[in-house]
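Trainee: My structure is below; once you've seen it, I'll send some questions.
The values are calculated or read from the model by the stated rules, or taken from the named source; none is laboratory data. Note that the coordinates shown come from a computational prediction; the quantities given were computed from them, not determined experimentally. Note that each Cβ is placed from the backbone with ideal geometry, even for glycine, and that neighbours are counted across all protein chains shown.
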Amino acid sequence: MQNKIDFDRIERRAAARKRVFHAADYFFLTVWALIVLFPFYWMLLSSLKSYSSYNAEYIPRFFTLSPTLQNYQDAFTAVPLARYFLNTVIFTVVTTGIMMAVIIPAAFAFARLEFAGRQLAFTLFLSLMMIPGELVVITNFVTITNLHLRNTFTGLILPSVTSVFYIYLLKENFEQIPDELYRAARVDGTRDFEYLTRVMIPISKPTLVTIVILKVIECWNSYVWPRLITDDARYFLVSNGIQEIRENGFGRENIPAMMAAVVVISVPLIVLFLVFRNKVMAGVSRGGTKG
């Protein structure tokens, strides 16, 4: 009887400790979520404040009683923000499409095709990830300039049509597909391209969707290369437009209007991630698991 009482007491204490740990976990996760989300809240709040009310706040307020959408109207009238959106969409769609057409056959070749020096070639190819990005930017700038492709969409797109990391991620995913499927397809007379399009691509769809989404985010947020290779406003992207807005559009002091432009630019990426977040997580975890 005494042993049963002691066991029940130990069990209750263990359950109490478990509840305390769970409560602590949720508390710290909530605090961290608030810290992460606060800049987005402040950005949205500032975009809804009028210029006069924002500048009249000696102590920043965490709410507003008179929200306005005038800042969003200014975002599209002070500078050609709509054109920058169109340029960014063209740059993102074309770059992502060409990159997928490049990395899928490359990953398939490294994962399934047998040729002399495959492992050495892939090791050397993977070593390119060790090269600092600044050196690549300098090389690309010299190359694009010598080809007279500055201030063109071709010059914007060409340096971004491949990625060593995405080829590696997709190769790891392709290698998870059993070799027996490939051998059986070869026996049936299926060509490599047919096997790639009919078998490997459908099976690897989560990883492919993940790569597409990550590339879209990368292109949308691209700043250094477009800023370096273009000085013509006709080819500016939304990231470059923010700087023009700051310098030539609203002025350095009209923070609410600048925040409105940032909100407009950020919304597509936020929506994209929220819609496909499960596929992104599934694709990344699958691409990093073998066996």
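Trainee: Based on what the data block shows, is residue 216 surrounded by 14 or more Cβ atoms within 10 Å (Cβ to Cβ), touching a Gly at 6+ places or on another chain (Cβ under 9 Å) and over 15 Å from residue 109 (Cβ atoms)?
Mentor: When the stated conditions are applied, residue 216 does not pass them.
Trainee: Further question: Report whether or not residue 236 is crowded, with 19+ Cβ neighbours inside 10 Å and either on the phi < 0 side of the Ramachandran plot or within 22 Å of the chain's Cα centre (by Cα) (or both).
Mentor: Numbers: crowded, with 19+ Cβ neighbours inside 10 Å: yes; either on the phi < 0 side of the Ramachandran plot or within 22 Å of the chain's Cα centre (by Cα) (or both): yes.
Here the answer is yes, as residue 236 does meet what is asked.
Trainee: How about the range 101-142: which of its residues are in a helix (DSSP H, G or I) and aromatic (Phe, Trp, Tyr)?
Mentor: Let us first name the residues in the range 101-142 that are in a helix (DSSP H, G or I), namely 101-112, 118-130, 133-142.
Within the range 101-142, 108, 110, 122, 125, 141 meet the criteria.
Trainee: Can you pull out every residue in the range 93-132 that is in contact (Cβ under 8 Å) with a residue 40 or more places away in the chain and among the aromatic types (Phe, Trp, Tyr)?
Mentor: 108, 110, 122, 125
Trainee: May I pose another question? Can you tell me which of 39, 67 is outside any helix (DSSP H, G or I), without any contact (Cβ under 8 Å) to a residue 60 or more places away in the chain and not acidic (Asp, Glu)?
Mentor: Answer to the check: 67.
Trainee: What number goes with the only condition from (1) closer than 20 Å to residue 214 by Cβ; (2) free of Cβ contacts under 8 Å to residues at least 24 places away in the same chain; (3) not hydroxyl-bearing (Ser, Thr, Tyr) that residue 135 does not pass?
Mentor: It fails just one condition, (1).
Trainee: Could you list all residues from the range 42-64 that are of a type in the set (Gly, Ala, Ser), in a helix (DSSP H, G or I) and under 29 Å from residue 236 (Cα atoms)?
Mentor: Within the range 42-64, 46, 47 qualify.
Trainee: Now for a different question. Does the range 227-251 hold any residues that are aromatic (Phe, Trp, Tyr) and at pLDDT below 80, and which are they?
Mentor: 250
Trainee: Right, next: In the range 15-33, is there at least one residue being at pLDDT below 90, among the acidic types (Asp, Glu) and within 30 Å of residue 256 (Cβ to Cβ)?
Mentor: no
Trainee: Examine the range 151-169 for a residue that is surrounded by 13 or more Cβ atoms within 10 Å (Cβ to Cβ), in the same structural domain as residue 85 (by TED's automatic domain parsing) and more than 23 Å from the chain's Cα centre (by Cα), and state whether such a residue exists. Full working, then the answer.
Mentor: Of the range 151-169, the ones surrounded by 13 or more Cβ atoms within 10 Å (Cβ to Cβ) are 151-153, 155-169.
Pick out the ones that are also in the same structural domain as residue 85 (by TED's automatic domain parsing) and you get 151-153, 155-169.
Still in the list and also more than 23 Å from the chain's Cα centre (by Cα): 151-152.
Yes, there is a match, as at least one residue in the range 151-169 is surrounded by 13 or more Cβ atoms within 10 Å (Cβ to Cβ), in the same structural domain as residue 85 (by TED's automatic domain parsing) and more than 23 Å from the chain's Cα centre (by Cα).
Trainee: Given the residues 110, 125, 115, which is the only one that is under 18 Å from residue 197 (Cβ atoms) and modelled with pLDDT under 90? Steps first, please.
Mentor: Values: 125 fails: under 18 Å from residue 197 (Cβ atoms); 115 fails: under 18 Å from residue 197 (Cβ atoms).
None of the others qualify; the one that does is 110.
Trainee: Check whether at least one residue in the range 81-100 is part of a loop (DSSP other than H, G, I, E, B), exposed (fewer than 14 other Cβ atoms within 10 Å of the Cβ) and modelled with pLDDT under 90, and report yes or no.
Mentor: No: zero hits.
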